[in-house]
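> First the structure, then my questions, so here it is.
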Amino acid sequence: MTRYPFGRPPGLRLRLSLLIGFLLFDGGVILLVLAWTFADLGTLTLLEGIGAIVVITLAGMLAGYLLTGRALRPIHQVTATARRLSEQTLDQRIGPQGSDDEVAELAGTFDAMLDRLAQSFDSQRRFVANASHELRTPLAVMRTEIDVTLADPDADAAELRRMAGVVRQASERANGLIEALLVLARSEGQRGRLARTASVDLADDVAAALAAMRYEMDRVQIEVDSDLRPAPVQGDPDLLSRLAGNLVENAVRYNHLHGRLWARTGVDGGQVFLEVGNSGFEVAQRDVPGLFEPFRRGGRERTGARGSGLGLSIVRAVCDAHGGTVAVTAHPAPDGGLTVAVRLPAG
């Protein structure tokens, strides 16, 4: 480990000034030696030359110190801004610099990084607030039902059974939300580096998801059109199963009476595709990107129980974890609805 006389290394400004002085001094000495050798200079001239070299070196070091200080001023601004930053002060920026050079590029890059951090913190705050709200609702329902029932001295077995049913439904909703949050966190945590992989056929996952939603689809008389050709991929079986399940569940939940649902799987150009579409309420194409945000529901659910609002967020996170893509297309009225197209590397 290098030890310095004053306990810390010299700053960049001082090192650049010393380098300038070193170059000027060496250059002056070389020129003086050459002139003294070939021009037969006298001793007095040699001493004057040495004095001039010393003066030029000191002047060069001083000028270099001043110029490098001016050149490094934006870097000091970057450092000062970084020291002041916290989650509450991410709105501070260095701003544009006068010249279009490397330092200005550094300042612009730093400001762009702060923009991304601010967006990330805002998204995280919204996510935590929404998750807290979603979890607080079923807990409040359970507490209210229990308190009201216990406060009623005439509550009979029927009332207790009704209360138990409401509490059970609320607890199932809370449990479903927690499971969805865990799946989302797990998917985002494995982006590009899956903990485990296996050979999975998305056609089988979609068929299983359709079978699981059969009762709900029959209840509201949804017409199903499926073309499930082999779609082999290498990935996490649980996450891929959740991806297919979320798409089918959304297509049923955000549908209407006597609606339609279609599902396609297969291989195209070295990629596996999965498309699930449904009829339903009209969604503007400009609102489609927001559907991938957690707890964003594209509209009113028509046929199913209220969901957690994490369906497409999980789909996108699973696609990212497997190196794939997902796109949503909104259907114009009168049919309405959406088509979600997933593409993953074939395996």
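> List, please: which pairs have Cβ atoms under 7 Å, are six or more places apart or on different chains, and start with a residue in region 222-244 that is under 12 Å from A203 (Cβ atoms) and outside the structural domain of A211 (by TED's automatic domain parsing) and end with one that is modelled with pLDDT of 95 or more and part of a helix (DSSP H, G or I)?
Once the first residue is under 12 Å from A203 (Cβ atoms) and outside the structural domain of A211 (by TED's automatic domain parsing) and sits in region 222-244, no partner that is modelled with pLDDT of 95 or more and part of a helix (DSSP H, G or I) comes close enough.
> Residues that are of a type outside the set (A, V, I, L, M), in contact with a Phe, Trp or Tyr (Cβ under 8 Å, 6 or more places away or on another chain) and at pLDDT 90 or above, at least 2 per element: which strands (runs of 3 or more DSSP E) completely within region 178-275 meet that?
Ranges flagged: 223-228, 260-268.
> Name every residue in region 23-53 that is of a type in the set (V, I, T) and without any contact (Cβ under 8 Å) to a residue 12 or more places away in the chain, in order of residue number.
I30, V33, T37, T43, T45
> Going through region 292-323 one residue at a time, which ones are at pLDDT 80 or above and assigned to a helix (DSSP H, G or I)?
Those that are at pLDDT 80 or above and assigned to a helix (DSSP H, G or I): L312, S313, I314, V315, R316, A317, V318, C319, D320, A321.
> Now for a separate question. Could you please give the count of residues in region 252-292 that are in contact (Cβ under 8 Å) with a residue 60 or more places away in the chain and crowded, with 21+ Cβ neighbours inside 10 Å?
Looking only at that region, the number is 9.
> Continuing with the same structure: Among (1) in contact with a helix residue (DSSP H, G or I) (Cβ under 9 Å, 6 or more places away or on another chain); (2) modelled with pLDDT of 80 or more, which single condition is F281 missing?
F281 satisfies every listed condition except (1).
> Let me ask you something else. Identify all residues within region 307-347 that are polar (S, T, N, Q) and without any contact (Cβ under 8 Å) to a residue 60 or more places away in the chain; write none if there are none.
If the condition is that a residue be polar (S, T, N, Q) and without any contact (Cβ under 8 Å) to a residue 60 or more places away in the chain, then T325, T329 are the ones that fit.
The values are calculated or read from the model by the stated rules, or taken from the named source; none is laboratory data. If you're wondering where the values come from, they're calculated on a predicted model, not measured in any experiment. Don't worry about glycine lacking a Cβ; one is built from the backbone with ideal geometry, like all the others, and counts go over all protein chains shown.
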